[in-house]
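Taken together, the values in this text are just the output of simple stated rules run on the coordinates, not laboratory data. Quick caveat: nothing in here was measured; it's all calculated off a predicted structure. Every residue, glycine as well, gets a Cβ built from its backbone with ideal geometry; the counts of neighbours run over all protein chains shown.
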Amino acid sequence: MSNLPVPVCLAVLLMAPLSAWATDWPQWRGPFFNGSTDETNLPASWSATENTAWVRPLPGPSGATPIVVDDKVFIASTVKGSADFVALCLDARTGELIWKRHVGSDARRFPRNNMASPSPVADDQRVFFLYGNGELVGFAFDGQPIWSRNIEREYGNLALQFGYSNSPFLCDGKLFITVIRRNKPYRKPDADGPLDSFMMAVDPVSGETLWKQTRPTNAFDEGMETYSTPIPFVRNGRTELLSTGADFVTAHDPQTGRELWRFEYWRAKVRDSRVIPSLVSGAGLVFGARHKSNPLFALRPPDEEGPARIAWEFSGAAPDCSTPCFYRDRLYVTDGIRHGKVVTCLDPKTGRQFWQGKIGGRGPWRASLTAADGKLYCINETGEVVVLRAGDERFEILFQTKIDEPRIQSSIAIANGSLYIRTAQNLYCIRKQ
């Protein structure tokens, strides 16, 4: 990588409190790529009559997280009762519909998933939507289409057992897409030969491919797959793109896609070592989840002392689905399925446990934690919401409520002093009134 000016995503990571992005939630893990934001004055409690600013009916269910940029909320959605999927733009202040665009149709069905699971991503002029059939579309903020293409038609079956769900993200003026998949399709369309896994960079203005980098693995069957989204990571003053899945963490040059280094976090090859959570970084380390609640690991990237290596591991209620949250120099981990439905606060430098507490509930907690204003916001599939106090002093529940709407698969977005909560039927805006 040449000595270029500080990349946009690096500037966001290093100077976010001074940036307008700090009030936005421009991609699924927020402005800092770690599930947190520096928003303040957020509600700790609400009801149908208290701190609920507006409720907007949605066309159908989706696992995509809403994103919020320039006082606009962008939402990917299916259309209930049909095979259609759409892109929507709402006024973030009022919930009024600004525009709605039909993007495509696909009748394929996947267990616990649908065609609108990838979250959109936006810069300050354009928004990009990616769907489970590979449809990739760019819109101007006024809803005018800029370009569209279909990565499945171009590169073959996306071949994830539970449906393609990887969200795109923007960095350094490029739109990044990841397809880490099984080499043989589970369903149609058939493939003429083995499918490759890859990362690619797309020009957000034209939609043209800037580079496509193959990502090999020695994993097999479902172990070749990941549902995660790459993240930018700053090392030695430069940005690398980190990707997890198929038993490896890999780092790539955002300018060319060239693989810079890799680390094999799972050596005992098994059929189902697929990974769902994305990576998160903080305190100079990279935190990754293995498959099915196997131990979380803190990875120290290569340095003058040697290659990438494990700094510490955490096996006490590690996540299967939820991406960890890094907030105010603490790492928060949710295991909402296997080990009693708990949240754990860890020291990111050492892995030492500060506290662990049960959040309970009837449904699984698969959505990822979000954090701001000294609070952690959690939501599960049956609509149970828990607000926790952030910090290492103690586990403390500040508020609990329930939204009587199935099925909630989206994480909570935070922007403009508001929480944006997506159900299968509605989008709620929660803010102090």
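A simple rule links phi to the HN-Hα coupling: the Karplus curve 6.51 cos²θ - 1.76 cosθ + 1.60 with θ = phi - 60°, which for region 288-296 gives x, 9, 8, 7, 6, 6, 5, x, 5 Hz, with x for Gly and Pro.
Taking the Cα centre of the chain as reference, the dipole from Cβ charges on Lys and Arg (+1) and Asp and Glu (-1) amounts to some 1060 debye. Each other residue within a Cβ distance under 15 Å of Ser273 adds +1 if Lys or Arg and -1 if Asp or Glu, for a net charge of +1. Taking label positions 7 Å along the Cα-Cβ direction at both Phe399 and Phe354, the computed distance is 2.1 nm, reported to one decimal. Taking GluC sites (Glu not before Pro) across region 199-231, the ones in a DSSP loop with at most 11 further Cβ atoms lying within 10 angstrom of their Cβ are Glu208. Our Cα-only numbers for region 96-152 put the radius of gyration and Dmax at 12.1, 35 Å. Per residue, the convex hull spanned by the Cα atoms of region 328-433 amounts to 100 cubic angstrom.
Beta carbons within 10 angstrom, averaged per residue: use that to sort the peptides 390-401, 271-282, 250-261, highest first. Walk me through the intermediate numbers first.
On the way: 390-401: 14.3, 271-282: 22.8, 250-261: 18.2.
The peptides rank, most packed first, as 271-282, 250-261, 390-401.
Between region 354-372 and region 41-67, how many Å separate their Cα centres? One Cα centre to the other: 18 Å.
Going by average Cβ density within 10 Å per residue, which order do the peptides 312-319, 297-304, 65-72 take, highest to lowest?
Listed from highest to lowest mean packing, they are 65-72, 312-319, 297-304.
Distance distribution P(r), region 8-431, all Cα-Cα pairs, bin width 20 angstrom from 0: 29, 63, 9 percent. All other residues whose Cβ lies under 12 angstrom from that of Ile397 are scored, Lys and Arg at +1 and Asp and Glu at -1, for a net of +2.
So between Asp124 and Asp70, what do we pick up on full extension, going 0.36 nm a residue minus the alpha carbon distance?
18.7 nm
When the alpha carbon gyration tensor of region 299-344 is reduced to an equivalent ellipsoid, its three semi-axes come out at 26, 12, 8 angstrom, largest first. Highest average first, the peptides 85-94, 358-367, 188-197 ordered by how many other beta carbon atoms sit within 10 Å of their residues are 85-94, 358-367, 188-197. Here the contact order of the chain, divided by its residue count and restricted to Cα pairs under 8 Å and six or more residues apart, works out to 15 percent. One quarter of the convex hull surface built on the alpha carbon atoms of region 17-126 amounts to 8.4 nm², the projected area averaged over directions. In sequence order, region 202-214 has phi-based couplings of 10, 6, x, 7, 9, x, 7, 6, 8, 7, 9, 10, 5 Hz under the Karplus curve 6.51 cos²θ - 1.76 cosθ + 1.60, θ = phi - 60°, and Gly or Pro positions carry x. Helical runs assigned H by DSSP (4 residues or longer) give the chain a calculated mean residue ellipticity at 222 nm of -500 deg cm²/dmol, each run adding -39500 (n - 2.57) before division by the residue total. For Thr94 and Ala48, a Förster radius of 22 Å and the Cβ-Cβ distance give a FRET efficiency of 0.75, rounded to the nearest 0.05.
A convex hull fitted around the alpha carbon atoms of region 104-249 yields 114 Å³ per residue. Its Cα gyration tensor gives region 290-366 an equivalent ellipsoid, and the semi-axes of that ellipsoid, as √(5λ) in whole Å with the largest first, are 25, 13, 9. Between amide H atoms placed 1.01 Å from N, distances below 5 Å from Trp312 occur with Ala298, all of them 5 or more places distant or on a separate chain.
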